[in-house]
Each structure stands twice: as C-alpha cells, then as structure tokens.
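*Asks:* Take this structure, written in structure tokens, and hold onto it; I'll ask about it next.
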Amino acid sequence: CAGACADAIARLRAVLEPELDEKGMRRLFDEVEMPLVSVLARMELNGVAVDTGALREMSESLTMEIRRIEEDIYASVGHDFNIGSPIQLSQILFEELHLPKTRRLKTGAYSTDQQSLEGLRGLHEIIDHIYVYRELTKLKSTYLDTLPFLVHPQTRRIHTEFNQTGAATGRLASSNPNLMNIPVRTELGEQIRRAFIARDVGPDPMLLAADYSQIELRIVAHMTEDSGLVEAFQNDDDIHAATAARVFNVPIEEVTANMRRRAKVFNFGVLYGLSDYGLSVREKISREEAGEFIRTYFEKYPGMQRYVSETIQRVREYGYVETLFGRRRYIPEIHSTNFNVRNAAERAAVNMPVQGTAADIIKIAMNRLDAEMQRRNMRSLMILQVHDELIFECPGEELEEMRKLCLDIMPRSLAMKVPLKIDTKTGRNWGEMQYGEATGVEEFAAT
DNA sequence: GAAGTCACG
DNA sequence: ACGTACGTGACTTCC
Ligand SMILES: [Mg+2]
C-alpha cells in the first residue's frame, strides 16, 4: 500500500484541509489533535502492568462458582439449557415458568436484560441466580480469560490502542483490549482492578489517578450560566445534594440519601435528554410524576431548559452542534421523518457539546502534561485516559511532583465561570486507591 | 455479521 | 436509522 496510500492521502489533504478552516476547526486540529497523536502513541507504547497470576487465580475460582450457579439454575427449571442464550432463557422464563412477560424484542423473544430481570425479582429463585451468573460470566470472559493473553512478551505489559477518531463527540476510544471499561462498580470488579499494578517505572512504583470532578455538569453550568448551577459549583457544594434541595424544596441539610440519589438521576438524565417515560421506568414512578419532576427541575434550573431548547433549535437550523472549542458533530438524523430517529438525534445533539467539551478539555491537559513531563525529564509515565481521568505510573519519589503537576495543569485547560475541580488518588494498584489532595476554590480565585 | 447483553465514563 | 438517557468496545449465541 505504501506508495498508493501516500498518494491517496496527499490527494485527500487537498480536499480536507480547506474544510478545517471553513468549519472553524483549524486550531483544534493544529493545537489539540495533532500534538495528541504522539502523546497517545507514547501511552500505547508505555502500556500498563498486569498481575496475570492474580487474574488466572480469580478465573479459576470463578469457574467453580459459575458451575455451582448453573446447577442451581438447572435444578430450579428441571432441565439443562444454555443460560448464555437470551432466546433459550426467554423461552424458559416466560413459556415454561410463566413469569410475567417483559418487553418484546425484534426476534420475538422477551427481554432478559438487567432492567427486565429487576422487575421479576422475588417472583422466582432463578432470577437472582441468573443475575449473579451474568455478572460472573461477563467478568470472566471479558477480562479474566482475555487480558492474560494480551500481555506483550517483551514488555510484559498490556498495550491498548487508543482510537483518536472513532467517537462522534471527540472522545477517545480504546480497544484490543478496551482499557476504558475495566470493572469498578462491584466487589469482583474492584478485585479485577487490583490486578492492574504499578511495576516497571523505577523504585517504589505507584499509580496516580487524577480526575475531573463533575466535569460535564460544570461545563453545562458554564455554558448555560444558570445561576443555581454556577453558585453551587462556586461554593463547591455537593451538586446532587444542591439539586435535591432545589427540586424538593428543602434546606440542603435536610436532603435525604434518597432525595440526593434522585437528584443525581435528574442531573445526569437531563444531560442525556431523559423523557418522562424513561424517568418513570427508572424511578418506578408514574409518567405523570416523572413529568412533574422534569418540569420542576427545569423551573429550578431555567438555564438548563434554555440550553436544551436552543441546542435543538440550532441543530435543526445548521445540521450540526459544536463544543466550546469548535469541534463539530453533524447530525442529519435531526431531519428524519421517523419520530424515534428524530428524537434520538435531539438527545445526541443536546449531549454532544457537553461530552465533547469535556473531551477537548482533557486532551488539552494531556498535551500540556506530556510536554511538561518531558521538559522536566520525569520518569513518570502517562498510561491511561478514561474520559475524565488520567492514570500515571510514577516512581515513589516522583509521585507528589506528578500529583502537583496534575493539580496545576488540569484545571487550567479552560477558564470557565465555575472552577474545574480535580480529585487525585494514589495506590500500588488500580483497585486500592486512596484519595489525596484535590484542587479547591483558592486555585480558582487565582486563575 | 446481527442481536442481545453489559463493562466503563 | 429505534426498545422513550448520551458515548463507546467486547463477549456469546445463532444464522
Ligand atoms: Mg469523575
């Protein structure tokens, strides 16, 4: 290909390069994406160290546990079947056991996904078994039995591929293996994370994780200038508790755990274009109640309402939306005659500027961090990015310098009406990280 | 290769 | 073009 490819690329350039200027993405391209290419290359080469022995041990013990659960499931049904086949499982649950039917899939079977099983809890012992079976087999097949084979024989590390051009919002993607979806939410997930270790970077190797706290909501606060959101972040309030206080009309001290949990659902839901129907299903409330919550939310945060309406208007008029740095996403589906497709396009349009601006921000930080690490001849390695967080492998004696560097550089990617807050954690592995220093309001006042 | 499912932010 | 919350990648089943 070499010759033909080079020739094709040269001719493509003649067509594509002018588009960068026409579309206002020249600076994004020259100053963010192009410098990032080599940063990502270094990260891929750096790789991450993994304790394959630990993964193999976990896999083995899971094999036995999964076998026990299979036996339980077959016993309660009365015969064997392939639990991994959603079609067979649907047949068992809804035809043989006569459990109440869930939503219908396009294949004619009924859904057995987590949300559907949730509604069947308590109706039959098999439901909890399937739930656990799913968790264990998922983690075993995707991580425990796969990662050990992806360890490079020379480096003894796992080298992911970062795709810089795959995601429509400007996010990165990771594959072969995907290291952006390593488990964390369950106990077993955390155990898997413990197999990702600091090892080859010098004496007393440590991992450092630095993440943007609530970056998407802070970006929305900045974009909408909604006074409620802006003030909450300027005060460094717990944003979900602050939202609960507003929506449920109570003082913030009287916000209960459940009110806060709901407010969190609202805050995230609004970024994704949640409907009254979606909220009613998730919160197990009536559609009317859900609609009322959404109305109240927008009343309390009128800037949010404005942002959603104006973004949809804009994508209808121009056919695209963009981030604060001018990254564009064209969404032609906004003109679809199909109601569902059109609504999906509206939700994507509302979300992209927020998700995309967060992606722009962390990319800028990665470039600046990489440059400064080189300038200082540091031995620390940038090894992973997971959308709002960066992971470094550091010699122990460099750990605090690296942490300080993150706390200094990451908040300054973009000056906003609210601070960009950074949390940091450190540990010998990715599963046992201890919170450390974070940025505070003082740093913001200084910027 | 599509469908269903589920891991992450 | 869709399962009425956005963005991904990977696994198993089944045709
Ligand atoms: Mg975070």
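The values are calculated or read from the model by the stated rules, or taken from the named source; none is laboratory data. Everything numeric in this text was worked out from a predicted model, so none of it was measured. Because the Cβ atoms are built from the backbone with ideal geometry, glycine has one as well, and the counts that use them run over all protein chains shown. Remember, those area values only see protein heavy atoms, side chains included, never the ligands or the DNA or RNA. Shrake-Rupley method; radii C 1.70, N 1.55, O 1.52, S 1.80 Å.
*Asks:* Given the options A:GLU317, A:GLU17, A:GLU44, which has the most mean-square fluctuation in a GNM of chain A, springs set between C-alpha atoms less than 10 angstrom apart?
*Replies:* A:GLU17
*Asks:* Quick one: Cα centre-to-centre distance for region A:199-217 and region A:280-339, in angstrom?
*Replies:* Answer, in whole Å: 34.
*Asks:* Can you tally the net charge around A:ARG295? Count Lys and Arg as +1, Asp and Glu as -1, for every other residue whose Cβ sits under 11 Å from the Cβ of A:ARG295. Don't skip to the end; give the middle numbers.
*Replies:* On the way: positive: A:LYS300; negative: A:ASP276, A:GLU288, A:GLU289, A:GLU292, A:GLU299.
Combined, the nearby Lys, Arg, Asp and Glu give -4.
*Asks:* When only Cα pairs under 8 Å and 6 or more residues apart are kept, what is the percent relative contact order across chain A?
*Replies:* Values: 607 pairs, mean separation 91.9, N = 447.
Here the relative contact order equals 21 percent.
*Asks:* Consider just the alpha-carbon atoms of region A:335-447 and return their Rg together with their Dmax, both in angstrom.
*Replies:* 17.8, 61
*Asks:* Can you give me the relative contact order of region A:216-359 as a percent, contacts being Cα pairs under 8 Å and 6 or more apart?
*Replies:* On the way: 161 pairs, mean separation 33.3, N = 144.
Here the relative contact order equals 23 percent.
*Asks:* Follow-up question, since we're still on this one. Apply the Karplus curve 6.51 cos²θ - 1.76 cosθ + 1.60, θ = phi - 60°, to the phi angles in region A:243-248 and return the couplings in whole Hz, x for Gly and Pro.
*Replies:* 5, 4, 4, 6, 5, 8
*Asks:* Given springs between every Cα pair under 10 Å in a Gaussian network model of chain A, which of A:GLU125, A:GLU310, A:GLU322 has the largest fluctuation?
*Replies:* A:GLU125
*Asks:* For region A:64-148, rounded, prolate or oblate, judged on the Cα gyration tensor with a ≥ b ≥ c (square roots of eigenvalues), a/c < 1.5 rounded, else prolate if a/b > b/c? All intermediate terms of the calculation are to be shown ahead of the outcome.
*Replies:* Details: a/c = 1.89, a/b = 1.43, b/c = 1.32.
Prolate shape, in that a/c is at least 1.5 and a/b is the bigger ratio.
*Asks:* Would you calculate, for chain A, the mean residue ellipticity at 222 nm contributed by helices, counting each DSSP H stretch of 4 or more residues as -39,500 (n - 2.57) and dividing by all residues, to the nearest 500? Don't skip to the answer; put the middle values down first.
*Replies:* Numbers: 17 runs with 228 residues, N = 447.
For chain A, the value works out to -16500 deg cm²/dmol.
*Asks:* Name the residue from A:THR160, A:ILE334, A:GLY396 whose Cα lies farthest towards the positive end of the charge dipole of chain A, charges +1 on Cβ of Lys and Arg and -1 on Cβ of Asp and Glu.
*Replies:* So the residue we want is A:ILE334.
*Asks:* Among A:TYR318, A:SER227, A:THR357, which residue has its Cα furthest toward the positive end of the charge dipole of region A:216-359, with +1 on Lys/Arg Cβ and -1 on Asp/Glu Cβ?
*Replies:* Value: A:TYR318.
*Asks:* Tell me which of A:VAL15, A:LEU381, A:LEU405 sits at the most positive position along the dipole axis of chain A, charges placed on C-beta atoms (Lys, Arg +1; Asp, Glu -1).
*Replies:* Comparing the listed Cα positions along the dipole, A:VAL15 ranks first.
*Asks:* On to the next question. Which of A:PRO395, A:PRO86, A:PRO353 moves the most in a Gaussian network model of chain A with Cα springs under 10 Å?
*Replies:* Comparing A:PRO395, A:PRO86, A:PRO353 in a Gaussian network model of chain A, the most mobile one is A:PRO86.
*Asks:* About its Cα centre, what dipole magnitude does region A:245-310 give when the only charges are +1 on Lys and Arg Cβ and -1 on Asp and Glu Cβ, stated in debye to the nearest 20? The partial results should precede the final answer.
*Replies:* Values: 11 positive and 9 negative charges, 45 e Å.
It works out to roughly 220 debye.
*Asks:* Still on this structure, I have one more. Would you mind classifying chain A by shape? Square roots of the alpha carbon gyration tensor eigenvalues, ordered a ≥ b ≥ c; an a/c under 1.5 is rounded, otherwise it is prolate if a/b is larger than b/c and oblate if not. Present the calculation step by step, with values, prior to reporting the outcome.
*Replies:* Values: a/c = 1.42, a/b = 1.12, b/c = 1.26.
Verdict is rounded for chain A.
*Asks:* Taking 0.36 nm per residue of sequence separation and subtracting the Cα-Cα distance, how much length would be gained by fully extending the chain between A:LYS106 and A:GLU60, in nm to one decimal? Before the final figure, lay out the partial values.
*Replies:* Values: separation 46, 0.36 × 46 = 16.56 nm, distance 3.65 nm.
Extending this stretch completely gives an extra 12.9 nm.
*Asks:* Taking the simple approach of a point 7 Å from Cα along Cα-to-Cβ for both A:ARG428 and A:HIS98, what is their distance in nm?
*Replies:* Placing both labels 7 Å beyond Cα along the Cβ direction yields 5.8 nm.
*Asks:* Find how much the distance from A:SER76 to A:GLU187 grows on full extension, using 0.36 nm per residue of separation minus their present alpha carbon separation; answer in nm with one decimal. Walk me through the numbers before you get to the answer.
*Replies:* Working: separation 111, 0.36 × 111 = 39.96 nm, distance 2.68 nm.
Difference between extended and current length: 37.3 nm.
*Asks:* Continuing with the same structure: Roughly how many percent of the accessible protein surface of chain A is carbon and sulfur, given a 1.4 Å probe and a whole-percent answer?
*Replies:* Percent of accessible area from carbon and sulfur atoms in chain A: 50.
*Asks:* Using θ = phi - 60° and the Karplus relation 6.51 cos²θ - 1.76 cosθ + 1.60, list the HN-Hα couplings for region A:128-142 in order, rounded to whole Hz, with x at every Gly or Pro.
*Replies:* Going residue by residue, I get 5, 5, 5, 4, 5, 4, 4, 4, 5, 5, 4, 5, 5, 6, 7 Hz, with x marking Gly and Pro.
*Asks:* Solvent-accessible area per residue for region A:64-148 at a 1.4 Å probe radius, Å²?
*Replies:* Details: 4790 Å² over 85 residues.
Accessible area per residue, region A:64-148: 56 Å².
*Asks:* Also, I was wondering about something else. How big is the dipole moment of region A:296-416 about its Cα centre under a simple scheme where the beta carbon of each Lys and Arg is +1, that of each Asp and Glu is -1, and everything else is neutral? Debye, nearest 20, please. Please report the intermediate quantities before stating the final value.
*Replies:* Values: 17 positive and 17 negative charges, 91 e Å.
With Lys and Arg at +1 and Asp and Glu at -1, about 440 debye.
*Asks:* With the other protein chains left in place, how much accessible area per residue, in square angstrom, belongs to region A:216-359 at a 1.4 angstrom probe? Intermediate values should be presented prior to the final figure.
*Replies:* Values: 7070 Å² over 144 residues.
Per residue, region A:216-359 has an accessible area of 49 Å².
*Asks:* Where a ≥ b ≥ c are the square roots of the eigenvalues of the C-alpha gyration tensor, would you call region A:3-66 rounded, which needs a/c under 1.5, or, failing that, prolate if a/b is larger than b/c, or oblate? Each step should come with its number before you reach the end.
*Replies:* Values: a/c = 3.43, a/b = 2.87, b/c = 1.19.
Taking the square roots of the gyration eigenvalues as a ≥ b ≥ c, region A:3-66 is prolate.
*Asks:* Please give me, ordered by residue number, the trypsin sites (Lys or Arg not before Pro) of region A:144-194 that lie in loop per DSSP and have at most 14 other Cβ atoms within 10 Å. Intermediate results must be reported in sequence, preceding the final value.
*Replies:* Values: sites: A:ARG156, A:ARG157, A:ARG171, A:ARG185, A:ARG193, A:ARG194; in loops: A:ARG156, A:ARG171, A:ARG185, A:ARG194.
Sites meeting the loop and neighbour criteria: A:ARG156, A:ARG185.
*Asks:* Percent relative contact order of region A:347-440, based on C-alpha pairs within less than 8 angstrom and at least six residues apart?
*Replies:* Details: 84 pairs, mean separation 18.8, N = 94.
Normalised by residue count, the contact order of region A:347-440 is 20 percent.
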